[in-house]
Amino acid sequence: MNLVILGAPGSGKGTQAARIAEQGKIQHVSTGDLLRDAVAKQSPIGKQVESIMAAGKLVSDGIVLQLIRETLTDSDERGKWNGWILDGYPRNLSQAEALEGVLKDVGETVEGVVYIELDPDVIVERLSNRRTCASCKAVYHLVSKPPAVEGKCDSCGGELYLRDDDKPETIRKRLEVYDNETLPILGLYEKRYRVHRVDGSKPIDDVTTDITRLISL
Ligand code: AMP
């Protein structure tokens, strides 16, 4: 099944995408993770995007399209999975149209859209308490899901850090970008595809249950 998951930064879309991916043996394609890996490796793309990401702005459409095209046209990878779930892509209307072009080339289509709804105040609280594992990308919340040992990942022992773009001054910027650039995709997708709306304020397991039921996974 080929899915797109939409939601504001901090709505839980990365967490839910990872869970849905695991349950359905679907490839989790997160442009944010691909870009952060590039930054960590200090690859040419990584060097180019580092300061843009830290400021909470969007990286150029061309760079993310290149990453998405490489991923969705990799036939070895395609054979391993029951489809994909796009997390963080598309992020504006022109990316949504560019995605259609890639899908046409590979003869695939979006088969379902999940939209996680959440109040902006809850988002700010969540993101400023979010800590991410530098090695395995597991996500913690200092209040509702703290690690057993402060600063260390429960799963792999990696260092937990506050993403540059989860700093309070950047969160507001990211939400503004989301409202202006990403939210219009919802209107487009409502005309084109089946959009499943879920309440992102529920506990993590309940949101996963709601999504799996809606998409009949
Ligand atoms: P995320 O992990 O999805 O919140 O993404 C983190 C940051 O990566 C964003 O704030 C952007 O700077 C960049 N990014 C991720 N996906 C995209 C995209 N589709 N288009 C442009 N920039 C992106």
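We did not get these values from a lab; they are worked out from the coordinates using the rules stated. Quick caveat, the model's predicted, so the values are computed rather than measured. Because the Cβ atoms are built from the backbone with ideal geometry, glycine has one as well, and the counts that use them run over all protein chains shown.
Pull out a ≥ b ≥ c, the square roots of the eigenvalues of the alpha-carbon gyration tensor of the stretch 4-76, then state rounded if a/c is under 1.5, prolate if not and a/b is larger than b/c, and oblate in the remaining case. It is oblate, given that a/c is not under 1.5 and a/b is not larger than b/c. Remark: the Ser94-Lys191 segment gains 33.3 nm on full extension, using 0.36 nm per residue and subtracting the alpha carbon distance. Charging the Cβ of each Asp and Glu at -1 and of each Lys and Arg at +1, and nothing else, the dipole of the chain about its Cα centre rounds to 140 debye.
From Cα pairs below 8 angstrom and at least 6 apart in sequence, can you work out the relative contact order of the stretch 111-210, rounded to a whole percent? Could you put the intermediate results ahead of the total?
On the way: 105 pairs, mean separation 38.7, N = 100.
The normalised contact order for the stretch 111-210 reaches 39 percent.
Across the chain, the relative contact order, built from alpha-carbon pairs under 8 Å that are at least six residues apart, equals 29 percent. Listed by chain and number, the aspartates and glutamates placed with their C-alpha closer than 17 angstrom to that of Lys25 are Asp74, Asp76, Glu77, Asp87, Glu111; residues fewer than eight positions away on the same chain are left out. Between Leu162 and Leu217, the C-beta separation translates, for a Förster distance of 41 Å, into a calculated FRET efficiency of about 0.80. Model label points for Gln66 and Arg78, set 7 angstrom from Cα along the Cα-to-Cβ axis, are 2.2 nm apart.
Rg and Dmax of the stretch 92-191, based on Cα coordinates, read 17.3, 47 Å.
Going by the alpha-carbon gyration tensor, a ≥ b ≥ c the square roots of its eigenvalues, is the chain rounded (a/c under 1.5) or, if a/c is not under 1.5, prolate (a/b greater than b/c) versus oblate?
Values: a/c = 1.34, a/b = 1.21, b/c = 1.11.
Since a/c stays below 1.5, the shape of the chain is classed as rounded.
Under 1.5 on a/c is rounded, so check that first for the stretch 59-132, then, if it is not, pick prolate when a/b is larger than b/c and oblate when it is not; a ≥ b ≥ c are the square roots of the alpha carbon gyration tensor eigenvalues.
Values: a/c = 2.05, a/b = 1.83, b/c = 1.12.
Taking the square roots of the gyration eigenvalues as a ≥ b ≥ c, the stretch 59-132 is prolate.
When you count the other C-beta atoms within 10 angstrom of each residue and take the mean per peptide, 127-140, 176-189 line up highest first as 127-140, 176-189. Per-residue ellipticity at 222 nm for the chain, helices alone: DSSP H runs ≥ 4 residues times -39500 (n - 2.57), over residue total, nearest 500 deg cm²/dmol? Computed ellipticity for the chain at 222 nm equals -14500 deg cm²/dmol.
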